[in-house]
Every structure is written in C-alpha cells, then in structure tokens.
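> Supplied in structure tokens, the structure appears directly below.
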C-alpha cells in the first residue's frame, strides 16, 4: 500500500514536472544549467571521487572506487587523504599563505583601484571611454605573457635594475624576483581590473549631487566619503573583492613564475601533488577542502550582497 | 553701514569659453523670498552654486551679513541648499536623512532628537520616520529634503527648482506651503526657477537673468507691469509689444495707428499692452471706429478665454474673463471685434 502510494506520488511529480517544462522554454532556461552540470558539477564530482580513493602506482594513479570481483561488489574508499593533509602543517600553512596573499592583494587592489574607479567614473563621457579601453587593453595580451613581462622587468639584469645602476643609486642589482613581494606585485597587477570594473559600475551611477548635499549639510570631505560615498559603493566593493579574493586563493601561475621558496601557496601545492608527485587523491583532497573552506565566506558575502541590493531596489 | 543681508558683488564665472556669469551684482534682504528666473543656461544655477560654495567665482565677492564668504567651503557656510532632484541619501531612512546635518555639528543626542521631532511636526512627516526615502511619494521626498535643510536652522535657504519634480496639482499646494513656512520661520529664501508663474507667485522680489547677466530686479508687479525690455516682457506672461512712432509731436502706436495722449516723456520706441488690459467687443456692422480687428484664434481656458486678434497684418492677444456679465463667449472665429484699452495700461519703454 505504501509502495503504491509512493509510486503514485512519483508519477504525479513527473507529470507536474513535464507539464512545467512544456510551459517553459525548456532549452532557453536550462542551457546555463547544462553548462554548469557538464563543466562544473561533473568535474567536481570526479575530483571528489578521486579524493576519497586510495592512491597506487599506475594509470590512473588511484584505485577504482567501486570494483566487481569474485568476492562481490567492493567499495574501496578512504578518508586517509583528508586526514593526511590536515595532519601535516605544511598543507595548512600553504593554505594560510594563500589566504593571506588573497587578503593582502584584495586590500591593495581596493586601495589602488578605488581612486582609479572613482576618477574614471567621474570623467567626462568621451574621456571615460578612452580610460575604460586603457583598462581593458591588457586583456588582449595573454595573462601568462604579462606575468612573464614582470619577470623580465624585475630580474637581476632587468630594466629596473639597469636604470637604478645607471643612475648610480645602486651598484649591485637588487634581487626583486622570487619572493612573496614579487608575487603580491604580480597578483595586484593582474587582478586590479577585476576590482576596478565592478567599482566603476557602481560609482558611475552615483549622483554627484549627493556629495554636494553632504558637503552643504556640513560634512567635511572625509566624512562625506565615509558616510555617503563608501556606503553607497559597498556593493561594488563586495563584488570587486570577491572577484579578486576567490581566484587569488587558488592562484598558482604567478607564485610559480614570480615567487620563490620563501612562501608556498596552496594552488602551487595542488599542482605539485598532481603533476610532480602524481598523488592525485591527495591533490584532489586538497582541492576539495580548499573549496569547502572558501564556500562559507563566499556564501555569507553573497547573502550580504543580495540583501544590500534588495534593500536598495 | 547699511549692509544688505546677502551681497553679490561683481561675480564673474567662466567655464572654458562660456561666460556663465558676467559681473553680477545683487543685494538680497533678510527674510525675503528672492527668485532667480531665467531660461536654461542663463547662469541662474551657476549663481546658486556659487552662493552655496560648490563653485568659486573667477572674480567678485559674496558677502553674507557683511562677512566675506567667497572662499569658505560649503560645509562651513551657514546656509543650505535644496536640490532639484532632492539628493536624499538613498541608504538612509527619513529620520537619518534629516539627522545627517545635525550629526556633523556635534549637537547632543537630546538636542538632535528635539530638533528632528520639531521639524517632523512642522513638515507633517510623522509616521514616515523609518521609511526609506525611495519608498515615499515625490511630495514627501520634497518635504524631507526641505526638513533636512531647515533642521539646521540656516540663515539662508537656497532652493533649486523646488517644485519642478512635482505634478501640477501638488505644485500649487506646495507653493502656498513654502510661502507659509517662510513667513513662519523668517529664513531668507533664494529660489532658482525657470517657471515664471512660480516666480511671480512665490517671490517678494525677483530678478530675470539672460546670458549670465542680471536684466532687471524688482518685485513681481514691477517686473510684470514695467519690464525693462522686450525679452523680459515676453518672458513673464504674454506680451503684446508694439513700435512707437514720434510723428509731428504725436505719439503713435505704429501697428494700430493709435495715438497716445497726455505723455510727457516722448523718448520711447516700444510699448507693452498686457492682453488682459485689452477688451474686445463683437461688432455687427462696420462702424467708423478704427480699432477693429478680426478674431483669428480662440482658446477657452475655463476662467478666461484667449483671443488672437489680427489688425493690419499684425497679431496680438486679448484675454477676457468669462464672467456672468461679459458676452465675450458669443465671439466666434473670424468675427469682427472692436478692441479697447486705456492709455494708462500702455507701458512705454526703450529697447
């Protein structure tokens, strides 16, 4: 009786579902979801599967999760990869390094990007277009080449050292490359536009009369900024910060090219585990834990952002 | 020293090649409602922004109660401005918008609350305290903007097109409210407007500006009845302007071939007759009276009717009250009418 009932319910559910899908323009609505499933959820599920597999020599370098042999169906799963990375401070430290890199560079991008975004947003329309194009032009060159260019600029025989020696400020080239300052420089340079563009999007809509009004009501420029401009550009600040913070946590190319051995970063560690150590399960476990730890702040950010936008509709 | 409340002395302002203000001189007295009237681009808004302190004049001085405030930043000037779009802070509710200016002045919490309650009562904003400013109506927003200024008890309130964003019904009501409020508080108001009716009905005194220059200063009656030139006459209300001929010691309105008698000063070349001062009357058959024209257009406007009259190829307006006694409603298109005006309603000027 119960079984019949549940079958009936499932049947009813499917009928409703089909009716709903017929009403909607199915392909139009679900194309982005298919995209997400195909290129995000399926790979993510695969990584999760590998992360709870047992590693072994071979191709692929892990044992199948499910196997069917004479002994019957067998699940060969382990949490040891997770236990391993959380028991070794090396991994935790690299993760903290990445978080601190992301945090520092987000703050720097904000501090540098905000005045630029403000300036661009408040320029005359014809100048604004030129400035925006200047902001976007670097994207026409591959990101790898741009980071490589910094390597060339910063190296011992690079142009900065040459100029400084030529001008007589220094006699020996300064070693500017292969430390975490070079990494921060590279990250800030690369991600600055991702901070500026969302900020610009909010500031360009900003009513300049509000600044005059605050001034007129007795607010000095600092207070005008803190009490009017800043709160009204908060959604832009949040959006820009997320666009910088999240990818920088997983960044491995810039530390690889500009960084040294003074600090190890999370993204680089995952890369090494995958391609140098060929320990796919541990690498996957690292990737999964990285995502899980990052998801919470992102969700909180998103909720704040949505609430703020909703309040200002 | 008989200083005026606010003195604007030789203020000049350029934006690139454009001369926005050209040696503007104005004296505004305490507790009056003064309007700056002009079409867009005449410099009235620039003048207001200079008084508020958002722009610095290239030359000239602004004196408030005898003190030079030309170089004071806006946040120190003891005056406030109400913006055309109100510029309310969208992230704050009604109360916090009103409190904003008080918090900048280090008043005690008690004082701030007292003042806010007082102004909420005065402007009938009770019950809206917690509302977001984009959740209230245009008229309420206007009152919040006004409250936000008045709560600071400014010596001078500048209003940039204060009624432009309201619909017509509300505008007329708000006009009266503004005047009442000003009478109650005694604060000097300077109003910028492009709406001549608004300027006439609100102001104690007003000025007409054109191309960055002050054309005339006076009370609304003076400006309406005795405009200095054709531009002003046409800007305020409807104007019938005719040329004056001085022929053999006779003063003649050229277009109407009408002689004006009893004039002392004969050195005028233009005259103005306001349409409401020209009476028309339907005539059945050709009389010997020379003041006859043909009705070319009729616009019935309820309390009065506008008639466009053609005489000798020129056209002018006559406005007739639609009262019980007048039979002007009988007049139809292309009717012949006799028109009539007193010599005393002719204003002579040079242009």
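> Looking at segment B:132-143 only, could you name the residues that are closer than 12 Å to residue B:94 by Cβ and either within 12 Å of another protein chain (Cβ to nearest Cβ) or in contact with a strand residue (DSSP E or B) (Cβ under 9 Å, 6 or more places away or on another chain) (or both)?
Within segment B:132-143, B:132, B:133, B:134, B:135 meet the criteria.
> Test residue A:107 against the criterion of being touching a residue at least 24 places away in the same chain (Cβ under 8 Å) and over 20 Å from residue A:262 (Cβ atoms), and give yes or no.
no
> All but one of (1) farther than 20 Å from residue A:49 by Cα; (2) assigned to a helix (DSSP H, G or I); (3) out of contact with any helix residue (DSSP H, G or I) (no Cβ under 7 Å at 6 or more places or on another chain) hold for residue A:272, so report the exception by its number.
Result: residue A:272 fails condition (1) only.
> Looking at residue B:118, is it away from chain A (no Cβ under 13 Å), more than 30 Å from residue B:43 (Cβ to Cβ), at pLDDT below 95 and in a loop (DSSP other than H, G, I, E, B)?
no
For (1) part of a helix (DSSP H, G or I); (2) within 7 Å of chain A (Cβ to nearest Cβ), each residue gets a yes or a no:
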| residue | (1), (2) |
| --- | --- |
| B:80 | no, yes |
| B:97 | yes, no |
| B:107 | no, no |
| B:112 | yes, no |
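> Something else: As an exercise: evaluate residue B:129 against (1) within 14 Å of another protein chain (Cβ to nearest Cβ); (2) touching a helix residue (DSSP H, G or I) at 6+ places or on another chain (Cβ under 7 Å); (3) assigned to a loop (DSSP other than H, G, I, E, B) and give the number of the one condition it does not meet.
All conditions are met except number (1).
> Which ones in segment A:215-239 are closer than 15 Å to residue B:87 by Cα and more than 7 Å from every other protein chain (Cβ to nearest Cβ)?
Within segment A:215-239, A:224, A:227, A:229 meet the criteria.
> Moving to a separate point now. Limited to segment B:235-255, what total is found for residues that are under 17 Å from residue B:308 (Cβ atoms), touching a strand residue (DSSP E or B) at 6+ places or on another chain (Cβ under 6 Å) and buried (at least 16 other Cβ atoms within 10 Å of the Cβ)?
Counting residues in segment B:235-255 that are under 17 Å from residue B:308 (Cβ atoms), touching a strand residue (DSSP E or B) at 6+ places or on another chain (Cβ under 6 Å) and buried (at least 16 other Cβ atoms within 10 Å of the Cβ) gives 5.
Yes/no matrix, rows are residues, columns are (1) surrounded by 14 or more Cβ atoms within 10 Å (Cβ to Cβ); (2) at pLDDT 95 or above; (3) outside the structural domain of residue B:178 (by TED's automatic domain parsing); (4) at positive phi:
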residue	(1), (2), (3), (4)
B:82	yes, yes, no, no
B:97	yes, yes, no, no
B:104	yes, no, no, no
B:124	no, no, no, yes
B:140	yes, no, no, no
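> Oh, and also: Checking the structure you have, find out if any residue of segment B:5-20 is closer than 19 Å to residue B:161 by Cα and in the same structural domain as residue B:153 (by TED's automatic domain parsing).
Yes, segment B:5-20 contains at least one residue that is closer than 19 Å to residue B:161 by Cα and in the same structural domain as residue B:153 (by TED's automatic domain parsing).
> Would it be correct to say that residue A:223 is surrounded by 20 or more Cβ atoms within 10 Å (Cβ to Cβ) and in the same structural domain as residue A:268 (by TED's automatic domain parsing)?
no
The values are calculated or read from the model by the stated rules, or taken from the named source; none is laboratory data. Since the model is a prediction, treat every value here as computed from it, not as a measurement. For neighbour counting, all protein chains shown are included, and Cβ atoms are generated from backbone atoms with ideal geometry for every residue, glycine included.
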